[in-house]
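Peer 1: There's a structure below that I have some questions on.
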Amino acid sequence: MVLIEVVVGYLLAFIMILRIVLQRREPTATLAWVLGILLLPYVGVLMYLLVGRRRLTRQVRKRLARAAALEPHLARLGTGIADLTAPAAPDHYCKPEEREIALVSNLMGRRLPTCGNHVQLLPDANQTYQALEEAIRTAKDHVHLLYYIYEQDETGARFRELLTEKAKEGVTVRLLVDGVGSFGVDTFMNPMVQAGGYFAEFLPVGNLSRHWHPNLRNHRKIAVIDSHIGFTGGVNIGDEYTGRKRRVGHWRDTHMCIRGPAVHHLQEVFTEDWFFATGEDLISERWFPEQQAVGNDMVQIIASGPDTETQPMHRIFFTAVTSAAERVFLTTPYFVPDQAMLVALETAAMRGVDVRLLLPRRSDMRLVHQAGRSYYDELLQSGVKIYEYSSGILHAKSMVIDERWATVGSANMDVRSFQLNFEVNAAVYGPDFANQLAALFQHDLTQAQQITLEDIKRKKLTARMKESLARVLSPVL
């Protein structure tokens, strides 16, 4: 009996290893999975089926098919903002270097940078919620919300009541949440649905078919109100983001409010996700009205996910770092860089660029946190400055490149954000927003501790071993 179990186990292992090798993923990730499955065939195969698959062929094809069905209509509706991609703002905002335009054109297709926007930086959840609630209260036609996490707490109830009130007024309300991140919130949102609002889950947990995957998650945070006001960044809906949960403490996050043509592209991302989750086609002039210039900011909406082979978020981040001439200020709660991003950061510092990383002192993802710390010594040796935020939980995701480019969004600097999650960031070209975000970064540094090579040398052997082990596992985190 034992012999049969061993034979069956290694037969399953052989089949799964063959499948992994044929995927042609990164060699380190391939080797990690192969070794894990060989050592523990049954456990390794089960873990791979749960979290190892990067793509769901049927789900991805379904999403791509639906996106393709929407694209010609979105392109037609997007012609109204075509004239705002150059002359609507001063030259130094609307004419980034040609290599940047070539990059975004090749990677992003129709979602090119748009001019004529007004961007407001929201440096914490309290300001974010205040601005979002005000925008929802003034909504006349529709409110579209997409969140990875929607908590069933006081903050969640407050927004639920506001959405219910707007639905009763006749405003069209749609709320899309991730099936894992917001598990169980469907019943909580019944009052809104009963008032006429619409609720849907992205890959819900209850759909336990062989195509469901717990690792393929929608990590985006998007709000679009009346097609003219948009929000995106790192803030979900819940008490913890305002620091009201004692066990969590102060929560440091960054969000942004956008008015103008770029909201059209946020609406596109929401529309595609809603179509994928519900099958409802929202392509009409009602949801995509003509846009007008309302400010001087040039904004590009960057959307990425496992339904794309090009990994646009990773490539744009990589190109931004490698093209930096003066400074790279990166804030991220989860830092597990692949070799390309690691080399990009190191070589930028070696070229004399002021490269600074702001990472958390404590994290809700302990293994990921330890894996990130394993990279400290080589980064420090190359001249990268590393700081750990010590005044609570750091959840902000932002980057500043020189005085010409800055981004805020949902994407972390890790393999999960680049390859597995559906993410969205807003990139702003020009010095004004870049300097605002840089000032916020500098303020955060006053509440952080700088890490030195001496700190690394003083680490206990057990701590270094834990970090090294976490790094070995990082390709499959």
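The values are calculated or read from the model by the stated rules, or taken from the named source; none is laboratory data. The structure presented is a predicted model; accordingly, all values stated were derived computationally and were not measured. Counting neighbours? That spans all protein chains shown, and the Cβs are built from the backbone with ideal geometry, glycine included. Surface areas here come from the heavy atoms of the whole protein model, side chains and all, with no ligands, DNA or RNA. Shrake-Rupley method; radii C 1.70, N 1.55, O 1.52, S 1.80 Å.
Peer 1: With every protein chain left in place, what is the accessible area per residue of the range 359-445 in square angstrom, probe 1.4 Å?
Peer 2: I get 28 Å² per residue for this part.
Peer 1: If you don't mind, another one. Would you mind calculating the gained length between residue 435 and residue 391 on full extension (0.36 nm times residue separation, minus the Cα-Cα distance), in nm to one decimal?
Peer 2: 13.6 nm
Peer 1: Go through the range 214-298 and name the GluC sites (Glu not before Pro) that are in a DSSP coil and have 16 or fewer other Cβ atoms within 10 Å of their Cβ.
Peer 2: In loop regions of the range 214-298 (DSSP not H, G, I, E or B), the sparsely surrounded GluC sites (Glu not before Pro) are 280, 285, 290.
Peer 1: Which percent of the accessible area of the range 335-477 is formed by carbon and sulfur heavy atoms (probe 1.4 angstrom)?
Peer 2: The computed percentage sits at 54.
Peer 1: Then there's this: How long is the gain from residue 367 to residue 158 if the chain were fully straight, where each residue apart is worth 0.36 nm and the alpha carbon distance is subtracted?
Peer 2: 71.9 nm
Peer 1: Heavy atoms only, probe 1.4 Å: what % of the accessible area of the range 170-307 goes to carbon and sulfur, would you let me know?
Peer 2: 47
Peer 1: Here's a follow-up. State, to one decimal in nm, how far the label point of residue 308 lies from the label point of residue 205, with both points 7 Å from Cα in the Cβ direction.
Peer 2: Using points 7 Å along Cα→Cβ, the separation is 2.9 nm.
Peer 1: Further, regarding this structure: Express the accessible area of the range 159-306 per residue in Å², computed with a 1.4 Å probe while the remaining protein chains stay in the model.
Peer 2: 33
Peer 1: A further question on this structure: Compute the distance in nm between two label points, each set 7 Å from the Cα along the Cα-to-Cβ direction, one at residue 11 and one at residue 245.
Peer 2: 4.6
Peer 1: Between the DSSP loop rule and a limit of at most 10 other Cβ atoms within 10 Å, which chymotrypsin sites (Phe, Trp or Tyr not before Pro) in the range 128-167 are left?
Peer 2: The qualifying sites: there are none.
Peer 1: Leaving out ligands, DNA and RNA but keeping every protein chain, what accessible area does residue 368 have, in Å² rounded to the nearest 10, with a 1.4 Å probe?
Peer 2: That residue has around 20 Å² of solvent-accessible surface.
Peer 1: Would you tally the net charge around residue 122, using a Cβ to Cβ cut-off of less than 15 Å, leaving residue 122 out, and scoring K and R as +1, D and E as -1?
Peer 2: On the way: positive: 221, 252, 259, 397; negative: 124, 133, 134, 253, 297, 444.
Charge balance near residue 122 sits at -2.
Peer 1: As a test of reading the structure, rank 271, 308 by solvent-accessible area (1.4 Å probe, protein chains only), most first.
Peer 2: Descending accessible area places them as 308, 271.
Peer 1: Still on this structure, I have one more. What does the charge count near residue 304 come to, summing +1 for each Lys or Arg and -1 for each Asp or Glu among other residues with Cβ under 12 Å from its Cβ?
Peer 2: Around residue 304, the charge tally is +1.
Peer 1: Which aspartates and glutamates have a Cα lying under 16 Å from the Cα of residue 168, excluding residues fewer than 8 positions away in the same chain?
Peer 2: Within the straight-line cut-off, residue 168 pairs with 141.
Peer 1: When the chain is fully extended, how far beyond the present Cα-Cα distance does residue 458 get from residue 284, taking 0.36 nm per residue of separation? It would help to have the intermediate numbers written out before the result.
Peer 2: Working: separation 174, 0.36 × 174 = 62.64 nm, distance 6.15 nm.
In short, 56.5 nm is gained.
Peer 1: If 354, 432 are ordered by their accessible area, calculated over protein heavy atoms with a 1.4 Å probe, which sequence runs from highest to lowest?
Peer 2: Sorted by accessible area, descending: 432, 354.
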